[in-house]
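The structure under discussion appears below in the form of structure tokens.
Read the figures in this text as sums done on the coordinates, not as results from a lab. Not measured: the values here are computed from a predicted model. With ideal geometry, Cβ positions are generated from the backbone for all residues, glycine too; neighbour counts draw on all protein chains shown.
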Amino acid sequence: MNLIIQATYEILPSQIKTISGLTSAIRTEQISSNAYRLVNVHHHDGVASYCWEEHLDYGYVRPNQKLTDFGMVVMDMDSTLITIECIDEIADMHGIKHYVSSITESAMRRDIDFAESLLSRVALLEGLDESVLQRVYDERLQLSPGTDILLAALKQNSIKTMLISNGFEFFTERLSSRLGLDFAYANTLEIINGKLSGKVFGEIMDAKGKADKLVQTRDQLSLNGRQVIAIGDGANDLKMMSQASVSIAYHAKAVVRSQATYAFNFVGLDGLIPLFSG
């Protein structure tokens, strides 16, 4: 196996020397100032703790594995493709962000059922003017670091992109159009006479729904599981991530990091590129 080391800063030669010593790498290759490849390494338990302390991300990959081996990348939206939880920011417009955020956190840790948590949070938004959705999009929503770089690389290599969220269609539709994504799915907030009704319209997109949409779209594109990468941050992403051959826990909860193929604890979404640079 090869070992990819990445950081948000310029990696020091001394750091690579330490990891190379732990893993008995036969050589090191510099991918960029922020990324290195250690060739033909042995797994060592000390790598994880050292990288955590040094704010480095790491991943053991097969030699010559490339981004072009994949045909689709599937991404969660809230706290993955974007830096916020949209429902929390909507709640902030209503003066109840702290309460709603605490429910969101519990759902992301899998302490409570996601569908139940979504319905209870949406109910608290009853009566809000629909204009708050646009305000959140315009004033609060920001892309995660490295998003534009990653999407450009995926498009250059003809890799399909899918945004799938337990959040709301209002945001996924706008992001899909803005970023040129191939597919986008989410829940729909019910709006009556210009006000949020406090309900979700139609079937809830829960953890199983996200996994089902991945499989459905994968089959539609005539891809197999080995050609799919899934990126998420919360427990509600785990079923979706289990349907991909490579799963990325992006700045994620511990329960997700423990089950994902790789964890990006520090780098941005563009960390996918050096990970599969061949």
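So how strong a dipole does the chain carry about its Cα centre when Lys and Arg Cβ are +1 and Asp and Glu Cβ are -1, to the nearest 20 debye?
In debye, rounded to 20, the chain gives about 920.
So what's the angle, to the nearest 10 degrees on a 0 to 90 scale, between helix 13-23 and the longest Cα principal axis of the chain?
The angle comes out at about 80 degrees.
If amide H atoms are built 1.01 Å from N in the plane of the peptide, which residues on other chains or at least 5 residues away come under 5 Å of the amide H of Leu189?
Glu169, Phe170, Phe201
Counting helices only, and only those DSSP H runs with n ≥ 4, report the 222 nm mean residue ellipticity of the chain as the sum of -39,500 (n - 2.57) divided by its residues, in deg cm²/dmol to the nearest 500.
After summing the helix terms and dividing by residue count, I get -10500 deg cm²/dmol.
According to the Cα gyration tensor, what semi-axes, each the square root of 5 times an eigenvalue, does the equivalent ellipsoid of the chain have, listed from largest to smallest in whole Å?
36, 20, 16
Convert each backbone phi in region 83-94 into a coupling constant with the Karplus relation 6.51 cos²θ - 1.76 cosθ + 1.60 (shift: θ = phi - 60°), then list the ³J(HN,Hα) values in order as whole Hz, x for Gly and Pro.
8, 10, 9, 4, 5, 5, 6, 4, 4, 4, 5, 9
I'd like the FRET efficiency for Gln65 and Glu116, computed as 1/(1 + (r/R0)^6) with the beta carbon distance as r and R0 of 35 Å, rounded to 0.05.
The value I calculate is 0.30.
State which entries of Lys66/Lys253; Lys213/Lys239; Lys97/Lys213; Lys97/Lys195; Lys155/Lys210 exceed 21 angstrom in Cα-Cα distance in the structure shown.
Lys66/Lys253; Lys97/Lys213; Lys155/Lys210
More than 28 angstrom separation, counting every C-alpha pair in region 62-209; what % is that? Walk me through the numbers before you get to the answer.
Working: 2442 of 10878 pairs.
It works out to 22 percent of all Cα pairs.
Identify, among Gln243, Thr68, Asn40, the residue whose Cα sits farthest towards the positive end of the charge dipole of the chain, taking +1 on the Cβ of Lys and Arg and -1 on the Cβ of Asp and Glu, with the dipole about the Cα centre.
Asn40
Principal axis extents for region 17-90, Cα atoms only, whole Å, descending order, please.
Answer, in whole Å and largest first: 51, 32, 24 Å.
Full extension from Tyr9 to Ala254: what is 0.36 nm times the residue separation minus their Cα-Cα distance, to one decimal in nm?
So the extension gain works out to 85.8 nm.
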